[in-house]
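Asker: The structure's right below; bear with me while I get my questions together.
Read the figures in this text as sums done on the coordinates, not as results from a lab. Just so we're clear, the structure is a prediction, and the values are computed from it rather than from any experiment. Cβ sites come from the backbone with ideal geometry, for glycine too, and all protein chains shown count toward neighbours.
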């Protein structure tokens, strides 16, 4: 989530595209919290090697900020309300039988430098109730995780402010570039969620709150699912896919609103907790929240979490059925910044906030499960300077939710 997307103001990343020697785990942290404490966010096959960056962590302190949405609105290249149409890729096949429009944006100017092989098979989008074939029963296993070239269960997908998709690997603390994309001429990435089928749902600033789908196996390929922004007066929201339950792996999109005015805020009834049906693309409000601007993450066992609030920021578990806060943990010394995101992976949370240099982000790990068994939920800076400024993070509910 971002208050602005100054891609042109980022530091040049040329120096960061070379391989850096692997770094050890940083022990620098921004605080710790006692366990259990609670309280009141073109088609084109890749032909170039994957770029892997291993940043060296150094101590820094983020600066909180506020601002407003920038940039003028631009027309979308497709009409999301138009009748269904199709566009056939010349080198990769990706279909979306549940999408409202199915328009495919081909970007031949963006190179995909990800880890996928030259033979890109794509992924089939069958909606939230789709699945992969169960060869043992010759049937279809509902909402099974697909076997695709870019795995959904080994890392966190992150989105830059200038429309690049990367992947962050918590185990090695490394970043890998998957590629750049151009969706219908829109600009200003705002937030992102990743579904179980291997599609990143990317929200843009211009037009306000429009959402397109990006295939993680070929990120230069954008698809317009036909989402109509502005439903129920909602333009912007931080978002994540969440499984229905541990026994029902089918997922839905959930979010928390941001009004786009000024900085992120906290107060009674400032925001709305909502859901978007991934098949019908209809938005429904569930309950009021106290966050004007918060990011979400979901888990494969059906839990929903928010990262929002000010003085201090907070980690909140939310009941997705009614929007009630189940648990709230303050995060001292980790303020929201103009760009922030977070995700849950294998028992812990990973927060992406602006570094001391606001043109790039840092990564903070919250030891939610107390995996080191020291009796504290430590909050530790593990990467002081990422190669990009991160405005969105998404982890598929295919990713592990239990410690590994």
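Asker: Given Cα pairs under 8 Å that are at least 6 residues apart, what percent is the relative contact order of segment 204-292? Write down the numbers at each step before the final one.
Answerer: Numbers: 163 pairs, mean separation 19.0, N = 89.
Reported relative contact order: 21 percent.
Asker: Where in segment 275-312 does the amide nitrogen come within less than 19 Å of the point 7 Å from the Cα of residue 259, taken along Cα to Cβ?
Answerer: From segment 275-312, the list is 285-295, 308-311.
Asker: Extension gain residue 153-residue 279, at 0.36 nm per residue separation less the Cα-Cα distance, in nm?
Answerer: 43.0 nm
Asker: Counting other beta carbons within 10 Å of each Cβ, put 361, 371, 396 in order, fewest first.
Answerer: Arranged by neighbour count, lowest to highest, 361, 371, 396 become 371, 396, 361.
Asker: Here's something else I'd like to know. Calculate, for residue 287 and residue 172, the FRET efficiency according to 1/(1 + (r/R0)^6) with r their C-beta to C-beta distance and R0 35 Å; round to the nearest 0.05. Write down the numbers at each step before the final one.
Answerer: On the way: r = 39 Å, r/R0 = 1.11.
According to the calculation, E is roughly 0.35.
Asker: Over what distance in Å are the Cα centres of segment 345-404 and segment 169-195 separated?
Answerer: 16 Å
Asker: Relative contact order of segment 260-404: what whole-number percent is it, with Cα pairs under 8 angstrom and at least 6 residues apart?
Answerer: Computed over segment 260-404, the figure is 18 percent.
Asker: Under a point spin-label approximation (7 Å from Cα along Cα-to-Cβ), what is the residue 324-residue 248 distance to one decimal in nm?
Answerer: Placing both labels 7 Å beyond Cα along the Cβ direction yields 1.9 nm.
Asker: Starting with the highest mean, order 214-222, 183-191, 328-336 by the number of other Cβ atoms within 10 Å, averaged over the residues of each peptide.
Answerer: Details: 214-222: 28.1, 183-191: 23.0, 328-336: 20.3.
The most tightly packed comes first, giving 214-222, 183-191, 328-336.
Asker: For segment 358-404, list log₁₀ I(q)/I(0) at each q in 0.17, 0.20, 0.26 Å⁻¹, using the Debye formula over Cα point scatterers of equal strength and ignoring solvent, two decimals each.
Answerer: -0.69, -0.87, -1.02
Asker: I need the fraction of alpha carbon pairs in segment 188-264 separated by more than 19 Å, rounded to a whole percent. Don't skip to the answer; put the middle values down first.
Answerer: Details: 1105 of 2926 pairs.
Tail of P(r) above 19 Å: 38 percent of Cα pairs.
Asker: Rg and Dmax of segment 250-404, using alpha carbons, in Å: what are they?
Answerer: Rg, Dmax (Cα atoms, Å): 15.2, 46.
Asker: Apply 1/(1 + (r/R0)^6) to the Cβ-Cβ distance of residue 228 and residue 376, taking R0 = 35 Å, and write down the FRET efficiency to the nearest 0.05.
Answerer: Working: r = 46 Å, r/R0 = 1.31.
Efficiency computed from Cβ-Cβ geometry: 0.15.
Asker: Now for a different question. How would you rank 176, 149, going from fewest to most other Cβ atoms within 10 Å of each one's own Cβ?
Answerer: On the way: 176 21, 149 18.
Sorted ascending by nearby Cβ count, the order is 149, 176.
Asker: Right, something else. How would you order 274-286, 238-250, 348-360 from highest to lowest mean count of nearby Cβ atoms within 10 Å? The partial results should precede the final answer.
Answerer: Working: 274-286: 17.5, 238-250: 20.3, 348-360: 22.3.
Listed from highest to lowest mean packing, they are 348-360, 238-250, 274-286.
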